[in-house]
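Note sheet for the following structure.
Please treat every number below as a calculation from the coordinates, not as lab data. Predicted model only: the values in this text are computed from it and were never measured. As a convention, Cβ positions derive from the backbone with ideal geometry for all residues, glycine included, and neighbour counts pool all protein chains shown.
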2 protein chains.
Amino acid sequence: MYEALKQFISSRGVLEAPALDAICSRFDLVAVHRNEILLSYDQIANYYYFVNKGAVRVFTITDDGQEISRYFAFEDTFVTALPSFIDQKPAEEYLQAIEKSELLRISRDDFYNLVASEPVFARIYTEILELGFIMAQKRIYGFQGYDALSKVKWTLKNQPKLLVRVSNKMAASFLGISPSTLSRLKAKL
Amino acid sequence: MYEALKQFISSRGVLEAPALDAICSRFDLVAVHRNEILLSYDQIANYYYFVNKGAVRVFTITDDGQEISRYFAFEDTFVTALPSFIDQKPAEEYLQAIEKSELLRISRDDFYNLVASEPVFARIYTEILELGFIMAQKRIYGFQGYDALSKVKWTLKNQPKLLVRVSNKMAASFLGISPSTLSRLKAKL
DNA sequence: AAAAAACGTTGATCTAAATCAATGTTTGCT
DNA sequence: AGCAAACATTGATTTAGATCAACGTTTTTT
């Protein structure tokens with residue numbers, strides 16, 4: 001159950017087995033079905049998730065009812081609605097399992113206790129933030145000023161799992177193009 | 001010379017005067033002229049900058065010669081080419097003073113030594129990352145799926161200094177619209 | 001201080017991608 | 001399993017915003 005998580009942590013710093021177990025024991029396994037909402041727009045994020053199996057989407061809905069997908073987390077990655085998790089404000093976004101998934105969930109309290117007490121875990125948190133920041137920047141760069149085809153190519157290169165495992169509609173809402181445009185582009189790739 | 005920086009640090013955690021001075025002494029003052037390039041595309045970022053006065057732009061140039069602005073740092077904010085600073089790879093982006101500016105510069109070595117030795121500074125680094133990540137996300141949300149006018153309004157609300165202090169061309173390249181479109185929109189606001 | 005280059009603005013035209021629409025296919029629900 | 005709803009695909013039409021172009025105004029260079 002904790003293999004992937006242990007692997008993830010161990011690859012970030014050497015840790016003795018008991019310490020590793022102590023960290024893992026703070027994570028609970030939750031099984032969720034396809035399309036299950038883990039966090040709603042008005043809720044406050046109180047968990048950080050590690051994706052053991054499956055996929056989680058972070059998205060929001062605009063005033064006029066349109067879905068906008070921000071991020072897709074697949075196996076071996078952490079995901080939450082970070083602004084809400086940090087500042088304990090309503091998320092204004094959704095977390096949703098888009099496949100039948102197995103997630104390891106840690107509460108915010110436990111999470112920050114680990115960050116304070118376990119240097120390896122503090123390191124991991126910093127890494128999550130660094131990586132998240134860099135990815136977000138790369139995405140801004142990869143998309144800004146480019147046409148639809150370039151954005152699809154960027155995504156194929158930088159998030160190869162995305163276009164394979166995610167519905168057309170969701171992928172389009174990630175790319176910021178219409179589903180029909182994405183469909184047409186895929187046909188001629 | 002260090003007033004703004006001291007203020008910035010002190011607001012993040014109480015620190016005794018000598019410790020605060022020790023931190024500040026690692027920062028050198030650099031005066032730069034308008035349009036001066038602080039870091040070029042192929043260089044590796046070795047400094048973190050705190051903007052005492054003026055403004056710094058982070059931008060890149062696409063294959064076909066088009067500038068894309070990612071971020072504008074004004075007074076009392078930190079700025080660098082973070083992916084390069086972290087991983088010591090070529091920046092693939094530029095840092096540029098867009099006004100005559102006064103910057104406080106700390107070397108990467110000193111920066112990470114402070115992060116390791118001064119808990120307040122580690123806290124500040126975490127905060128920079130959290131804030132950077134959240135801002136980048138907000139921008140992805142604020143722009144994705146919206147038309148040109150909405151993006152201008154979002155920027156007026158979330159980065160009010162930007163449209164005032166930055167040239168039309170640069171602002172347009174931040175918004176991902178053409179300078180003429182921005183000009184037309186401003187005319188009817 | 002003069003000349004050149006870059007920038008800002010506004011009008012006319014063009015185009016990539018949105019929207020609308022119809023048909024077949026997959027998914028979810030009882 | 002069978003029905004309803006959502007989704008994918010492809011064609012026809014529309015449109016927001018890009019590009020092109022011209023002219024006045026800043027900014028930079030020498």
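Summary table
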read-out: Gyration tensor verdict on the stretch A:28-84 (Cα atoms; rounded if a/c is under 1.5, prolate if a/b is larger than b/c, oblate otherwise); value: prolate
read-out: Kirkwood-Stokes translational diffusion coefficient of the protein assembly as shown, alpha-carbon pairs, 20 °C, 1.002 mPa s, µm²/s; value: 96
read-out: Ellipsoid semi-axes in whole angstrom, largest first, where each is sqrt(5λ) of the Cα gyration tensor of the stretch A:52-127; value: 25, 16, 10
read-out: Peptide-level mean, for B:137-148, of C-beta atoms on other protein chains within 10 Å; value: 6
read-out: Subset of A:151/A:188; B:6/B:53; B:6/B:157; A:161/A:186 violating a 26 Å alpha-carbon distance limit; value: B:6/B:157
read-out: Over chain A - Rg/Rh using Cα atoms and the Kirkwood inverse-distance radius; value: 0.99
read-out: Kyte-Doolittle mean at least -1.0 and Cα axial length at least 30 Å: DSSP H helices in chain A; value: A:119-143
read-out: Calculated FRET value between residue B:149 and residue A:34, using beta carbons and R₀ = 35 Å, to 0.05; value: 0.40
read-out: Magnitude of the charge dipole, the stretch A:137-189, Cβ model with Lys/Arg +1 and Asp/Glu -1, debye to 20; value: 180
read-out: Amide H contacts under 5 Å for residue A:99, placed H, 5+ residues apart; value: A:35, A:55
read-out: With 10 Å bins from 0: P(r) over the stretch A:1-53, alpha-carbon pairs, percent; value: 19, 44, 26, 10, 0
read-out: Highest to lowest packing among A:137-144, A:153-160, B:60-67, scored as the average C-beta count within 10 Å; value: A:137-144, A:153-160, B:60-67
read-out: Normalised alpha carbon radius of gyration of the stretch A:3-114 [divisor 2.2 N^0.38 Å]; value: 1.11
read-out: Helix-only [θ]222 nm of chain A, DSSP H runs n ≥ 4, -39500 (n - 2.57) each, per residue, nearest 500; value: -14000 deg cm²/dmol
read-out: Approximate spin-label separation residue A:42-residue A:7, in nm, with each point projected 7 Å along Cα-to-Cβ; value: 4.1
read-out: Cα centre as origin, Lys/Arg/Asp/Glu Cβ charges: the stretch A:3-114 dipole, Debye; value: 240
read-out: Nitroxide proxy distance, nm - points 7 Å out along Cα→Cβ at residue A:188 and residue A:63; value: 3.6
